[in-house]
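Colleague: Pasting in a structure now, in structure tokens, and then I'll have a few things to ask.
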Amino acid sequence: MNKFLTLVMILMMTSFSLAQNTRFVYQVTMKPDSTNRNDIKTETANLDITPEKSIFYGEKRLQRDSLFKRAFETKSFNFDRTQMENLRSKIDFIVEKDFKTGTKNFKTRIARDNYLYTEDRTMDWKILPETAKIGDYKTQKAETNFAGRTWFAWFTTDIPFQDGPYKFSGLPGLIVKVEDSNGDFSFDLKEAKKISTIATFEERGSTITLKRKDFVKQELKFKQDPGSFTTNSGRGGMRNEQNPQERKDRENRMKEEARKNNNPIELE
């Protein structure tokens, strides 16, 4: 086989490889409570990439969504309480990136409402000379300031996707590891595999689309007074379907959760 045919085959194999869907599995380490830094949460999250887009989400979110999907199909909603508790996640959001337009959409829920906003801030990277071997990958270090934190990322040109976990992207290769300077959050690549289709999620009910700053205001309102979201109905609140004692217990639980989750990934 001459060199020309060899080159053509290599190019064809590379194009075929990049055309497939790939799932990058990250271990996410978080310290949600700034007053108790020994409280460390660890979860698994996936970054599914196609030639056109990517989606980042928590593994528990995918499992929970599948559970609800089966429940709606079978009309059986008798969930096991322990099972549901085990599927509660700190990664209660989805980030979708469109490679063609460069947009990043952030999706999450507040109470029973779905919210979506498009990220309006840029992520400017400074590529540093430092290199490191992480797993099987040769990586190079980069730094950026984003949403009130300084982040350090290690990317590899061995994987030609200019993407990464959460909202991180824009480096000349896949981000293998990224962590903030305080050691509060870390995303570490653990596995890569080909998949037939990327994950999809059913959004039950309508989605409230707003600007990022308006979403931040709504999120802050919920943290300050979650009870208002349990008594209101429709957009911005949960329907009042509980008796007064159940509602009070739920409000107290939400207040306690908000108190412990005082160290968000975005500080701005």
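The values are calculated or read from the model by the stated rules, or taken from the named source; none is laboratory data. Computed from a predicted model, the values in this text were never measured in an experiment. No Cβ is skipped: glycine too gets one built from the backbone with ideal geometry, and neighbour counts run over all protein chains shown. These accessible areas exclude ligands, DNA and RNA; they are computed on the full protein's heavy atoms, side chains included. Shrake-Rupley method; radii C 1.70, N 1.55, O 1.52, S 1.80 Å.
Colleague: Pairs needed: first member in the range 150-174, at positive phi and free of Cβ contacts under 8 Å to residues at least 40 places away in the same chain; second member anywhere, in a strand (DSSP E or B) and not β-branched (Val, Ile, Thr); C-beta distance under 7 Å; at least 6 residues apart or different chains.
Modeller: Listed by first residue and then by second, the contacts come to GLY173/PHE155.
Colleague: Select from the range 23-66 the residues that are out of contact with any Lys or Arg (no Cβ under 9 Å at 6 or more places or on another chain) and assigned to a loop (DSSP other than H, G, I, E, B) and write down the one among them that is surrounded by the fewest Cβ atoms within 10 Å (Cβ to Cβ).
Modeller: Result: PRO51.
Colleague: Just a yes or no: is a residue in the range 83-94 of a type in the set (Asp, Glu), open to solvent by 50 Å² or more (accessible area, probe 1.4 Å) and modelled with pLDDT of 75 or more? Reasoning before the result, please.
Modeller: Going residue by residue through the range 83-94, those that are of a type in the set (Asp, Glu) are 85, 92.
If we keep only those that are open to solvent by 50 Å² or more (accessible area, probe 1.4 Å) as well, we get 85, 92.
In the following step, the residues that additionally are modelled with pLDDT of 75 or more were identified as 92.
Yes, some residue in the range 83-94 is of a type in the set (Asp, Glu), open to solvent by 50 Å² or more (accessible area, probe 1.4 Å) and modelled with pLDDT of 75 or more.
Colleague: Then there's this: Write out, first by first residue and then by second, each pair whose Cβ atoms fall under 6 Å of each other, whose residues are 6+ apart or on separate chains, and whose first residue, in the range 19-43, is closer than 20 Å to LYS177 by Cβ and among the aromatic types (Phe, Trp, Tyr) while the second is open to solvent by 40 Å² or more (accessible area, probe 1.4 Å) and in a strand (DSSP E or B).
Modeller: PHE24/ALA192
Colleague: Only one of (1) in contact with a helix residue (DSSP H, G or I) (Cβ under 6 Å, 6 or more places away or on another chain); (2) of a type in the set (A, V, I, L, M); (3) modelled with pLDDT of 95 or more is not met by ALA142, so which one is it?
Modeller: Among (1) in contact with a helix residue (DSSP H, G or I) (Cβ under 6 Å, 6 or more places away or on another chain); (2) of a type in the set (A, V, I, L, M); (3) modelled with pLDDT of 95 or more, ALA142 violates only (1).
Colleague: Anything in the range 137-156 that is more than 17 Å from PHE56 (Cβ to Cβ), in contact with a strand residue (DSSP E or B) (Cβ under 9 Å, 6 or more places away or on another chain) and not hydroxyl-bearing (Ser, Thr, Tyr)? List them, or say none.
Modeller: Correct list: LYS138, GLN140, LYS141, ALA142, GLU143, ASN145, ARG149, PHE152, TRP154.
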